[in-house]
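To start, the structure itself, in structure tokens.
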Amino acid sequence: MLVREQIQRESGHAVSLKDLSNISAEGKRAEPRNNLPEVVRILQEKHKAAVRLLTDDNNELQSLYLQDEHMKASFEAYPELIFVDATYKLLDTRMACFLVIIENGNGESEIVAVGLFGREDAETLHWFFEAFKALNPQWEAVRVTMADKDIKERQVVKQQFPLSALHICAFHTLQAFRREVSVLKLGITKGEQETALDILQRMLYANSEEQYQELYSLLQMSASQSVVEYFNENWHSIHPEWVMGLKWLHGNFFNSTNNRVVSMNCKLKKLVERFSSLEKLVTACIHSLQHSEMRGNARLEQWCRNTVL
């Protein structure tokens, strides 16, 4: 209301809410949007960031890789566990924002690499991780990669990080079970669905290979044939990637989900409105990193003050 009243005083005319909306829209159109050369220049000169571009035969941008010095230092310090996933609807170009995140020594999440993908396919992911590995010699220290069950992403991660165990997010696993083991999709009764989902959830939380195998035998005896066939085709052969008790063995610091990436995506969506420009999204990523660094420095200063003799 204050803005509306100020405009009315200065113009001498009544101003409607529609007028305010039009003024806001005109302001947005006047802003420079998606000026790639300028964005790259600012990232490299102002933020000392490494930027890599993937273009097509017509020199059109397909993907962008971004990592500043703080991201690189964070990954070098804590490379053992990475979380990867994409978020959507942040850019008006409809590019997906792909994040690589680590857990630092305070148990907090930090972005260590950002990708903007025109297509989220195996070729693009391969290019992104090749750039990541070329710029981060510590990539060989990655022991666990947390991701969802997307087949393209999983295969690329396995190829690019052969020494790393690939873990599937527990939340996504349960979500997939509930979505796919349904009355309509598998032609089962409501009772058969409930029985199967109960066993599958218990399998997810199995503490050992022995307990998993016991529950697998129970599934084969108790569930309908269509459920068993679905499970064997999609989940049984990769069960070390999603069974909780087996994932703990690889040193995932008791992370069983990809919630760190989900949380970071939510923070970015609070910093930038939907379908924003490239300039705004990049600024938000840098701001998020600087805020994280300031929090860490403040804690360190507090600890030093508390431990002074």
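The values are calculated or read from the model by the stated rules, or taken from the named source; none is laboratory data. Here the structure is a predicted model, which is why all the values come from computation and not from measurement. Please note: Cβ atoms are built from the backbone with ideal geometry, for glycine as well, and neighbour counts cover all protein chains shown.
Please state which of the following conditions Gln193 fails to meet, knowing it meets all the rest: (1) surrounded by fewer than 14 Cβ atoms within 10 Å (Cβ to Cβ); (2) among the polar types (S, T, N, Q); (3) without any contact (Cβ under 8 Å) to a residue 24 or more places away in the chain. For Gln193, the exception is condition (1). Residues that are of a type in the set (S, T, N, Q), touching a Ser or Thr at 6+ places or on another chain (Cβ under 9 Å) and modelled with pLDDT of 95 or more are absent from segment 237-257 altogether.
Per the listing Glu26, Glu10, Glu5, the residue uniquely within 36 Å of the chain's Cα centre (by Cα), of a type in the set (Asp, Glu) and either modelled with pLDDT under 60 or part of a strand (DSSP E or B) (or both) is Glu26.
Among the conditions (1) more than 27 Å from the chain's Cα centre (by Cα); (2) surrounded by fewer than 18 Cβ atoms within 10 Å (Cβ to Cβ), the only one that Leu186 does not satisfy is (2).
Residue check: Leu66 meets all listed conditions (1) under 15 Å from the mean Cα position of the chain (by Cα); (2) within 16 Å of Asp150 (Cα to Cα) but one, namely (2).
Checking Tyr88, Tyr78 one by one, the residue that is modelled with pLDDT under 95 and not β-branched (Val, Ile, Thr) is Tyr88 and no other. In summary, Pro162 fulfils each of the numbered conditions (1) modelled with pLDDT under 95; (2) touching a helix residue (DSSP H, G or I) at 6+ places or on another chain (Cβ under 8 Å); (3) within 17 Å of Val84 (Cα to Cα) with the single exception of condition (2). Would you mind stating whether Val243 is under 26 Å from Ile102 (Cβ atoms) and in contact with a Leu (Cβ under 6 Å, 6 or more places away or on another chain)? Answer is no for this residue. Look at segment 27-40: where a residue is under 18 Å from Ile286 (Cα atoms) and a partner is modelled with pLDDT under 80 and hydrophobic (A, V, I, L, M, F, W, C), sitting 6+ places away or on another chain with Cβ atoms under 8 Å, you get Arg33/Leu278; Asn34/Leu278; Asn35/Leu278; Leu36/Leu278; Val39/Leu278; Val39/Val282.
Taking the condition in the same structural domain as Leu200 (by TED's automatic domain parsing), outside any strand (DSSP E or B) and more than 27 Å from Lys267 (Cα to Cα), does Leu163 pass? Judged against the criteria, Leu163 is not a match.
Condition check for Asp148 on (1) in contact (Cβ under 8 Å) with a residue 60 or more places away in the chain; (2) of a type in the set (D, E, K, R); (3) exposed (fewer than 14 other Cβ atoms within 10 Å of the Cβ): one failure, at (3).
Condition first: hydroxyl-bearing (Ser, Thr, Tyr) and in contact (Cβ under 8 Å) with a residue 60 or more places away in the chain. Now tell me which residues in segment 225-277 satisfy that.
Residues satisfying the conditions are Ser256, Thr257, Ser263, Ser276, Ser277.
Condition first: out of contact with any helix residue (DSSP H, G or I) (no Cβ under 6 Å at 6 or more places or on another chain), basic (Lys, Arg) and at pLDDT 95 or above. Can you find one or more residues in segment 174-184 that meet it? Among the residues of segment 174-184, at least one is out of contact with any helix residue (DSSP H, G or I) (no Cβ under 6 Å at 6 or more places or on another chain), basic (Lys, Arg) and at pLDDT 95 or above, which makes the answer yes. In this structure, Ser292 qualifies as at pLDDT below 75, among the small types (Gly, Ala, Ser), part of a helix (DSSP H, G or I) and under 18 Å from Ala113 (Cβ atoms).
Picking from residues in segment 167-183 that are touching a residue at least 24 places away in the same chain (Cβ under 8 Å) and under 17 Å from Ser224 (Cβ atoms), the one that is surrounded by the fewest Cβ atoms within 10 Å (Cβ to Cβ) is Glu180. There is at least one residue in segment 138-154 that is part of a helix (DSSP H, G or I), modelled with pLDDT of 95 or more, assigned by TED's automatic domain parsing to the domain that holds Thr87 and touching a Lys or Arg at 6+ places or on another chain (Cβ under 8 Å).
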